[in-house]
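These notes concern the structure reproduced below.
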Amino acid sequence: MGEFKVHRVRFFDYMPSAIRAMAFNSRTERLAVARADGALEIFNFADHYFQEKVIPGQDGRAVEALCWVGQRLFSAGLNGEITEYDLENMRPRYTVEAYGGPIWTISSNSQGTLLAVGCEDGTVKMFELLDERIRFQRNLERQKGRIISLSWHPSGTLIAAGMMDMIRIFDAETGHATHRLLVERGAGASKSKEVVVWSIAFLSDHTIVSGDSAGKVQIWDGLTGTLVKTHLVTKWDVLALAVSQDESSLVAGTSEGTVVQFQFIASTVDQQDKEWVRTRTFKNHSHDVRALAHTETAVVSGGMDTQLVVRPLLDKVEKNTQESALRKIAFPHRSLVCCAKKAGLLLFQFPDHLELWRVGESDGLGKPGDSLPVKRNPEKLIQLKRKGEDHICCSALSPCGGWLAYSTVSAVRLYRIQYNNISITKVSKLPKDLRSAHQLCFSSDSSKLFASSSHSSVVIVSLNQLECKHLHTLKPRSGSRQPVHLLFASEDGKWLAAANADCEIHVYNLHKLKLHCTVPVHSSCPTAIAIHPVTSNLVVVHADQQIFEYSLMQKEYTEWSRKLQKQGLHSLWLERDTPVTHISYSPKNPAHIFLHDMFMFCIIDQSLPLPEAKTMLYNQMTLRSLPEPERIRHSHAFKICKNFQHLLCVSLLEDHSLVVVERPLLDIMSQLPAPVRQKKFAT
Amino acid sequence: KLLKRAEHIFRKGVCCCRFLLCASGECVKVFSTSTEECIHDLRGHTELVTGVLLRPSNHLQVYSCSADGTVRLWDFTDGILIKTYVIGYPIYSIYASANHEGVIFLVTPAQSDKRSEMFQLVAVQLPQSGDQLVEARELSAVLSDVSSNPAAIVFGRGGEYIASANGLQLEVYFFKKQKAYRFPLKEDNKKGGKNTFMCVACHPKDDCIATGHEDGKIRLWRNFNHKKEYTYSTLHWHHSAVSSLCFTPEGTNLLSGGIESVLVQWRYNQESQRDFLPRLGAAITHIAVSPDGALFCTSHSDNSKDKNKFYSLQRDKLLYNLDIVQQEYIHESGLQQFEVVKAAFNASGNWLATVEERKQKAAELELNLKLWAYDEQTQSFVLNTTISAPHEAQITAMCFCHAADSQTTMLASTSKDGHFKAWQLAAQAHTEDEGPSWSCDFVGAYHDLVPECCCFSADGSLLAVSFQEVVTVWSPASWELLTTLSQPPGAIRDLCFGRLSCSKYLLGTSANNLLCCWNLLTCSLEWSTSMDVSLLLADPLSENMAAFCCQAGCTDLFVFKPSEPRPLFSRKEVCSGKVTRAVFAPREEMLESCEESSQWLNHSQLYFLTQYMDLMTFTTKAEEDRLMASSKQLVIDDSVAMTPFYLLLGKHRQQENQDSLGGMSAERTPLPQGSVAIRELLQTPAHVLPSTSYLCSMFVQSLLISAKDILSSSPTEQFYLSHSRL
């Protein structure tokens, strides 16, 4: 594997934002997640839960609820606005003010014709869905007290609304309230406090399920308006409910961080009349579970502790498969760190600022495992606050460290940095074509900036001291409308590879400024791409953990790639549940490929034989204990190191030292607010 | 005749409204739930009884199964064996359901050889035949690989299916479909909880199976007629293994118990509501509910660690537990508890001294000496004095002064710290304190030697303390050293003063297999003999002494008088293993036995406890007869309904019974004079009788008198201290 001097970087204080709302589209198998900072993430559940798209947040946009209508995604928040998103350009498409004060909830009928929002002023407002916009239709009968939660009956004729101390059922046609269900307050001291019906679900058999701040999940008969059953689930709040598509199972998320499942089961084996019975309890969160989704096979939960947890239901999936494993998604599936290899600089991207750091220096030598004395401490050179209220969506640092660029949904900004006495100057005149970018990338000689733009196009801007000029806009032949999320410019400056959400990878010849080839489309989305500096082979790692090597010269898969596909990857490699987010090469040994995910980094030695299905994949420790001649016999191409955990970036600098950016999850946990108090046994 | 009373391992008990049946050793004990007395034993099995089961079609009959390969059907109210079914294989548990008429389900070893660890559940068609002894060989296997634990198999709703848990697998077999579903669990979860099944219970009305697990979780399984879509919910309160689960007959509650000795009641379908019945004394091993749901019965594992148990020997009934440590018993493997190591009564039984110690690896030894006074009103011991750190090292022996007439009560204790201390009950100097308490009277030592044992003479005028091979004799009145006696080599193991006419003798046993007898008048050795005495004790009511000698794994008993060289009674191989404790319990009535060999039993009865926790005693032939008679009489009493008026009638009849029995057991006391009043009442015509409320109080009173009589006539020495694990 070789020895490296490792810069173990722990000064990137990346702090993910709490999950606020969730909506699952079962037709497209996409999960939309809204975070507390207003950012929106789209996960593709059909493709290994890959985080396909990220729409950056905006100051003042607090998303309280999400709703899919077909392919369209709507959000509503406490700013009183309804927003529809443009998922192709990853930006809000338009915003409509509801004029009802803060909006707590949004829900569409199953026909996809109407959108209902619940407002602070006690009104339920109906919006008509048009092709391009939404239009206010009318108000339902106004109530005293805010509307916290809404749920449509699948027929579209009735709406149940959760309020303070009660649930109202409205006739959607007349707009009148037909039933008023009083929700009991909590016992003891909380008797004087109003109970909040945080979540509600209206089932097709007219059963209403409510979750409230007194910790109850209640089952109501919606036809008669009577309480059927009360399940006391927690001492704190029940914040979220989600019902499966077939209405046989529902889950409730609580402030204790537990998710409680209820199932619609016949009490005796051969009988038809069923009832809701509390069954399993999942505890995967330390804090409030604010958002829940019930997919066909799993319960997806998220909350204050910022992690997205996919808990498969073991009665719905095959046991001991990849599908049956619990998944926790803690880090974004894209890189927030940019490393200037030549200058030894690191750029950290936060939603509202950028940090530029110089790594430390050490001239000591030591045995493997030793920590070396630091000659020069790592130092923060620049902290750059973004302009405007839009959050940063992508950023890049040129390999020489002289240029810095970032983009929001509204603008791209380019800066020139001088290091002799650190100064940063904004490049004022940018070409018009460079309005907003989904991904930014500098060429290896820092003479060009590549920015991915709408419809998978890539804008090339040439940089020099005097001016920045728009050179060309590269467009793929496929006509894909999806955004490009990965860009890689080759070392020799000849190639540019761009991968988009349609799983296409286009390679452009930068000398001729035209499309060179399109890599055969794999069914899974690429998560990392890189072009070999010597052989010009393109290596692609996909969300399903498959690795391909494509020769740009021959325009075909390389021999090694074919061998790998033929033999198949090791099962343990395929079982990993975080995507590879970064690939780099060693200038010393062209046969080495460096890649990393959240839990490991790996050097693939293409000169060694591939691991057989039965051999040990993680064999570095056993190899070390073997005598020298034995080692060669046992070693295989995948050399995996798990010494560093919770990796955000692993990169090789010019001086052959390794930069490892870690963000231990414990550090994130320690920065979270205190969870609700729980009595623990023996305390 | 030697009577063996087995330790009560209640393997399985059933509970019906008025009787509780427990398998105990080779017999089934029938207890009355109203009086809590053992009514009679169902005897007949030749090996351990493994299960008891009410016959579903007749609730006055009970099946019992045993490792001897038979199933017996009893009429338990009368204690009559109705039928014996010979199965031919050892049986480990028995199940039956009302829906399976004439069929019982048994757990037998899977292969016919006994050593196999695999068990199977077989259905046995019981042949219809009038004979007493029936061969039932028609076995058909239902489930293979089941657990031999009786709590691990249970019938489901209406006997439609049977659920069996073994290891990490739950298996449900549906009789109609003849199909079995298996639900395996992982060995342990990420948090380290062990998922092994411990017990199962089925809801009587719904299709819900409750299983208890090793990590204390209870799972409620539903939808178990699907291979994949089964589901379960988890309840967690117990922190260690759940050993028993039971639904109430209506299915409204689920009861669970485990090592925490807390009975937990869960509301079915509202499991967040639960009730606790804590401090049940010992770990719960089995729970049974009577069919009307009114009574719960728990059986416990007897690990009498912190508690002293008081057993009335004559009534075969646990009188009461005394929580000495008075700390909630927190079970945690590895956690050091206060352990009661020594206990002693005084002669009249109104004082009890206990020593508890806690030794932790790093910390110093913690010692507590507690003195308890017997309270006549509450009929229990009340803590009088706690002396923390009475000695600096472990207490080796403790004894009360036996003198009944002396004004002062004294306790002597010897310790490894080289001192012996005398404690005296004295009124407090501070007058505001209510009663007298104990304080140290004297601290003695002898040549830096460690005192091993101590003994007061019968009249309390002498205290003998042994320091290794030297016996020192002190006068408690002046605390001067009167004399020293020594018979080297070998340290003294036991010391004992003679009684009554032999009170001039002091007997000692040494580690060198020597039994010595000193004459205290001459201060010289009277006689000595070479025998390995493990335990020596004196009968308080006669001159007799008993010596238990342990030889080659067996214990021999010698009873002798110190003044006579010839033993009164000797018996080889009384029991296997060492005798750890023994006591002479004075009889309520002196026996007038004429047989020479049993004359020594006239004043008091000898009870002893072996190292295997068997409590044994010697009885005479006459006593045995009497026991049988009285047990029969109890049955008659209990088999008639207990209407309030019957109390009146029944009492009277009992009186008659007793009179008729009188010839057989002449020494039995007639019941108190209350019965005369009853007779008077009965002879009076009803219309001149006073109101029933007046009558009622009268009867209660008559009962009270008799109760008091029994209590006052039974000196507390009868209470046997079963705690003896040192």
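The values are calculated or read from the model by the stated rules, or taken from the named source; none is laboratory data. For clarity, every value in this text was computed on a predicted model and none was experimentally measured. As a convention, Cβ positions derive from the backbone with ideal geometry for all residues, glycine included, and neighbour counts pool all protein chains shown.
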(1) within 14 Å of chain A (Cβ to nearest Cβ); (2) at pLDDT below 85; (3) surrounded by fewer than 23 Cβ atoms within 10 Å (Cβ to Cβ) all hold for B:F224 apart from (3)
- prompt: Given the structure, is A:S410 farther than 17 Å from A:C338 by Cα, buried (at least 22 other Cβ atoms within 10 Å of the Cβ) and under 23 Å from the mean Cα position of the chain (by Cα)?
  reply: no
Going through segment A:247-272 in order, the residues found to be within 13 Å of chain B (Cβ to nearest Cβ) and of a type in the set (D, E, K, R) are A:E256, A:D270
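Quick one: is A:S657 more than 14 Å from chain B (Cβ to nearest Cβ) and over 30 Å from A:A18 (Cβ atoms)?
yes
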Residues that are within 13 Å of chain A (Cβ to nearest Cβ) and surrounded by 20 or more Cβ atoms within 10 Å (Cβ to Cβ): does segment B:250-257 have at least one?
no
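Only one of these is out of contact with any helix residue (DSSP H, G or I) (no Cβ under 7 Å at 6 or more places or on another chain), touching a residue at least 12 places away in the same chain (Cβ under 8 Å) and over 25 Å from A:A21 (Cβ atoms): A:L203, A:L223, A:L150. Name it.
A:L223
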Practice prompt. Restrict the check to segment A:288-301 and report whether at least one residue is closer than 28 Å to B:K217 by Cα, more than 10 Å from chain B (Cβ to nearest Cβ), touching a His at 6+ places or on another chain (Cβ under 7 Å) and not in a loop (DSSP other than H, G, I, E, B).
Written response: yes
Here is a check on your reading of the model: is A:E275 out of contact with any strand residue (DSSP E or B) (no Cβ under 6 Å at 6 or more places or on another chain) and within 10 Å of chain B (Cβ to nearest Cβ)? yes
When you check B:T196 against the structure, is it facing chain A (nearest Cβ under 7 Å) and at negative phi, yes or no?
no
The residue that is farthest from A:V228 (Cα to Cα), considering only those in segment B:258-279 that are among the acidic types (D, E) and crowded, with 17+ Cβ neighbours inside 10 Å, is B:E260
Within segment B:442-467, restricting to residues that are at pLDDT 80 or above and part of a loop (DSSP other than H, G, I, E, B), the one that is nearest to B:T414 (Cα to Cα) is B:V450
Note on segment A:322-349: residues assigned to a loop (DSSP other than H, G, I, E, B) and touching a strand residue (DSSP E or B) at 6+ places or on another chain (Cβ under 9 Å) are A:A325, A:L326, A:A330, A:F331, A:P332, A:H333, A:R334, A:S335, A:L336, A:K341, A:A343, A:G344
Those residues of segment A:227-246 that are acidic (D, E) and more than 14 Å from every other protein chain (Cβ to nearest Cβ) come to a total of 1
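Condition test on B:K176, is it within 11 Å of chain A (Cβ to nearest Cβ), in contact with a helix residue (DSSP H, G or I) (Cβ under 9 Å, 6 or more places away or on another chain) and surrounded by fewer than 21 Cβ atoms within 10 Å (Cβ to Cβ)?
Details: within 11 Å of chain A (Cβ to nearest Cβ): yes; in contact with a helix residue (DSSP H, G or I) (Cβ under 9 Å, 6 or more places away or on another chain): no; surrounded by fewer than 21 Cβ atoms within 10 Å (Cβ to Cβ): yes.
Criteria not met by B:K176.
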| Residues in segment B:201-216: is at least one acidic (D, E) and more than 9 Å from every other protein chain (Cβ to nearest Cβ)? | yes
- B:T234: out of contact with any helix residue (DSSP H, G or I) (no Cβ under 7 Å at 6 or more places or on another chain), over 22 Å from B:P109 (Cβ atoms), facing another protein chain (nearest Cβ under 9 Å) and among the polar types (S, T, N, Q), yes or no? yes
Open item on the list: Among the residues in segment A:95-105, are any in contact with a Gly (Cβ under 6 Å, 6 or more places away or on another chain) and farther than 26 Å from A:D390 by Cβ?
Closed with: no
